[in-house]
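This report concerns only the one structure given below.
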Amino acid sequence: MNGGDIIGRVLQAHGVEFLFTLCGGHISPILKGAKDLGIRVVDVRHEATAVFAADAVARLTGKPGVAAVTAGPGVTNTITAVKNAQLAQSPVVILGGATATMLQGRGALQDIDQLALFKPHVKCASAVKRVRDLAPAVLRAFEVAQSGVPGPVFVECPLDVLYDEAMIRAWYDTAAPKGSGLGARVLRAYMKHHARRLFTGTDAIDTAAIATIPIQQPSDEIVAQVAAQLVQAERPLLVVGSQAIVDAQQAAQVADAIERLGMPVYLSGMARGLMGPAHRLHRRHQRRKALKEADLVMLAGVPSDFRLDYGRHVRRNACLISANRSKIDLKRNRRPDFGALADAGLFLRALADVVAPDNSRRWQGWQVSLEERDAEREGEIDAMAATSGDHVNPVSLCRAIDAQLPDNSVIVADGGDFVGTASYIVRPGKLLSWLDPGAFGTLGCGAGFALGASLCRPDDEVWILFGDGSVGYALAEFDTFARHNIPVIAVVGNDAGWTQIARDQVKILDDDVGTVLERSNYHEVATALGGHGIIVRQADRVEASLEEARRAASNGAPVLVNVWLDKTDFREGSLSV
């Protein structure tokens with residue numbers, strides 16, 4: 001049993017089904033060890049995609065996703081995806097290859113200080129120095145990734161702790177100096193000692209010592225205090241974010257708690273779809289106005305960051321309640337009147353258990369006013385969708401996509417202006433059916449997210465909404481989709497530009513420099529890589545083309561629908577800083 005086999009056994013013990021990777025000689029034993037134990041090894045065309053896919057698995061299952069990448073540039077290529085996972089609080093385990101322990105710091109191929117690179121972006125970064133330490137290091141990685149505030153963990157695995165002992169000992173013997181001088185003899189002795197130390201104690205390796213992960217419970221005191229405030233509220237508002245459903249298996253219980261609380265609710269991040277496409281409590285528009293009018297605002301797994309204007313969206317005399325696993329996020333930018341340092345989902349469930357079920361009757365007028373505001377905004381969107389131009393109205397396209405989506409679909413959002421428009425219009429049909437990058441706003445996550453989602457949910461349709469800027473990061477992965485029989489449906493909103501940036505840049509600086517693209521034939525690239533490409537230039541082709549895409553995907557093909565868009569002012573002034 002070599003080091004790759006040991007890692008494979010740890011992954012198997014944790015129920016890992018998929019290992020995402022881009023191959024490299026430093027990590028080959030990990031891939032072989034995982035494959036031999038029935039773990040599906042999914043190879044991609046860029047290491048960032050591997051981490052994004054692992055991130056999607058973590059979000060959809062609640063269990064850490066795993067990626068293995070080779071040393072040096074293989075590791076550095078993941079940094080953006082790792083940082084995205086950190087800010088999205090996704091439990092991901094990254095296994096990084098490294099040069100042999102004996103050669104580190106001596107100018108070996110692809111040898112850099114990988115731990116220094118990763119430490120600011122992960123919960124823990126560690127390097128394995130002996131074979132017997134592999135299992136404990138990977139076991140701890142799973143524990144740390146899931147504990148407290150979830151996040152990514154990096155484990156460096158040098159090649160001489162992964163390959164077979166006989167091979168490594170023979171390599172050390174071959175590499176040893178052959179001379180008879182004192183220096184050569186001392187170095188040979190040291191190398192033999194080093195090789196012996198590498199493999200000492202490998203007869204007592206435990207690969208199944210899985211830790212129990214404690215979850216932060218809300219105190220009875222804070223739950224009672226918040227319940228008392230809620231009883232007095234006239235215009236309460238609930239905002240639920242991804243952290244409230246970190247434990248994906250408990251998402252249905254969180255949705256039930258929101259139902260029992262009876263408060264109007266806005267959903268963000270992975271919480272989109274939690275209440276279905278048209279729940280009576282779920283509000284979708286004019287959140288800023290609602291926050292300004294509410295006399296009690298409850299943030300469940302949502303920090304007061306730029307998305308809430310650093311807490312300024314909530315008026316100062318409103319009662320602010322926050323539940324968050326992170327002590328920093330709990331008080332970020334604005335200290336709540338009542339703060340629960342606890343899992344936000346468990347907090348909502350505990351609160352629903354003590355709040356009288358008829359309290360929401362007093363909020364009926366408030367709820368109706370928010371419903372009317374939503375209806376008014378929907379009418380405005382319908383009016384915008386009805387306008388026509390030379391190509392396809394992006395608002396109308398989003399309406400058409402929303403109409404086509406079956407209940408068993410997963411929506412992956414990867415883009416700027418077009419995807420921002422879709423976020424107001426396209427509705428997830430069920431819980432855990434929306435994947436976007438989160439607070440980091442990362443472009444290029446779409447292919448990896450869709451890959452992970454398709455593997456976790458093989459019976460669901462997986463749709464990727466791309467801007468024509470963001471699809472540039474993803475096109476090569478249509479080769480991955482085709483090779484691994486991943487039938488995603490990608491819709492590219494092609495308006496020939498980085499429009500979200502151009503909107504304000506042109507207005508402020510009177511210059512579109514760096515924001516102009518071409519109406520490129522992205523669909524032809526997808527076809528060339530084994531997928532099914534469709535071009536849509538006029539509005540009368542949208543419905544039929546989306547239906548064609550669904551048929552092709554049902555037959556196992558990855559699909560890219562390249563839609564030429566007209567310009568729109570739907571998201572005027574949407575730049576966030």
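Throughout, read-outs are computed from the coordinates displayed, never taken from laboratory work. The model shown is predicted, which means the values in this text are computed figures rather than measured ones. Glycine also receives a Cβ, built like all others from the backbone with ideal geometry; neighbour counts cover every protein chain displayed.
A full extension of the chain between residue 548 and residue 229 corresponds to an added length of 109.6 nm, given 0.36 nm per residue minus the alpha carbon distance.
Phi angles across the range 516-521 convert, under the Karplus curve 6.51 cos²θ - 1.76 cosθ + 1.60 with θ = phi - 60°, into 3J(HN,Hα) values of 9, 10, 9, 7, 5, 8 Hz, Gly and Pro given as x. A full extension of the chain between residue 317 and residue 189 corresponds to an added length of 38.7 nm, given 0.36 nm per residue minus the alpha carbon distance. Summing Cβ point charges (Lys, Arg +1; Asp, Glu -1) relative to the Cα centre of the range 133-233 gives a dipole of roughly 820 debye. Considering only beta bridges that DSSP places wholly inside the range 386-564, some 5 percent are antiparallel. Using the alpha-carbon atoms, what tilt in degrees (0 to 90, nearest 10) does helix 3-13 show relative to the longest principal axis of the chain? Taking the Cα atoms of the chain, the angle to 3-13 is about 40 degrees. With neighbours defined as other Cβ atoms within 10 Å of a residue's Cβ, the residues 55, 343, 111 order from fewest to most as 111, 343, 55. Taken about its Cα centre, the chain carries a charge dipole of roughly 1940 debye when the Cβ of each Lys and Arg holds +1 and the Cβ of each Asp and Glu holds -1. Estimated from the Cβ-Cβ distance and a Förster radius of 22 angstrom, the FRET efficiency linking residue 220 and residue 361 is about 0.25. Derived scalar couplings between HN and Hα for the range 112-120 equal 9, 7, 6, 5, 4, 5, 8, 3, x Hz in order, rounded to whole Hz, by the Karplus curve 6.51 cos²θ - 1.76 cosθ + 1.60 (θ = phi - 60°), x for Gly and Pro. The alpha carbon convex hull volume per residue for the chain rounds to 163 Å³. Bridgeable aspartates and glutamates around residue 292 (alpha carbons under 14 Å apart, same-chain partners fewer than 8 residues away excluded): 234, 309.
Evaluating 6.51 cos²θ - 1.76 cosθ + 1.60 at θ = phi - 60° for every residue in the range 63-77, the Karplus couplings come out as 10, x, x, 10, 10, 10, 9, 7, 5, x, x, x, 6, 5, 5 Hz, glycine and proline recorded as x. Sorting the segments 34-42, 238-246, 166-174 by their mean number of nearby beta carbons within 10 angstrom, highest to lowest, gives 238-246, 34-42, 166-174.
Simple rule: put +1 on each Lys or Arg Cβ and -1 on each Asp or Glu Cβ in the chain, find the dipole, and look at 381, 33, 290; the Cα lying farthest toward the positive end is 33.
Packing here is the average count of other Cβ atoms within 10 Å per residue, and on that basis the peptides 402-414, 531-543, highest first, run 402-414, 531-543. Placing +1 on each Lys and Arg Cβ and -1 on each Asp and Glu Cβ, with no other charges, gives the range 239-394 a dipole about its Cα centre of roughly 720 debye.
Estimated from helical segments only, the mean residue ellipticity of the chain at 222 nm is -12000 deg cm²/dmol, where each DSSP H run of four or more residues counts as -39500 (n - 2.57). Give, to the nearest whole percent, the P(r) tail of the range 403-466 beyond 15 angstrom, counting all Cα pairs. When all Cα pairs of the range 403-466 are counted, 46 percent exceed 15 Å. Once the cut-off is 20 Å, how many percent of the Cα-Cα pairs in the range 220-367 end up in the long-distance tail? Beyond 20 Å sits 40 percent of the P(r) for the range 220-367. Near the amide H of residue 296, under 5 Å away, which other amide H atoms are found, from residues 5 or more places off or on another chain, if H is placed in the peptide plane? Here the answer is 235, 237, 319, since their amide H atoms fall under 5 Å of that of residue 296. Using the Cβ-Cβ distance between residue 116 and residue 511 with R0 = 41 Å, the FRET efficiency computed as 1/(1 + (r/R0)^6) comes to roughly 0.60.
Sequence-distant contacts, meaning Cα pairs under 8 Å at least 6 residues apart, place the relative contact order of the range 147-200 at 32 percent.
Fewest neighbouring Cβ atoms within 10 Å first, the residues 213, 258, 30, 328 line up as 328, 213, 258, 30. Close amide-amide hydrogen proximity is noted between residue 127 and 156, each under 5 Å apart and 5 or more residues distant or on a separate chain (H modeled in the peptide plane; Pro and chain starts excluded). For residue 464, the residues whose amide H sits under 5 Å from its own are 412, 489, 490, 491, ignoring neighbours fewer than 5 places away on the same chain, with H placed 1.01 Å from N.
What does the charge count around residue 352 come to, taking other residues whose C-beta lies under 10 Å from its C-beta (Lys +1, Arg +1, Asp -1, Glu -1)? Net charge in that neighbourhood comes out at -1.
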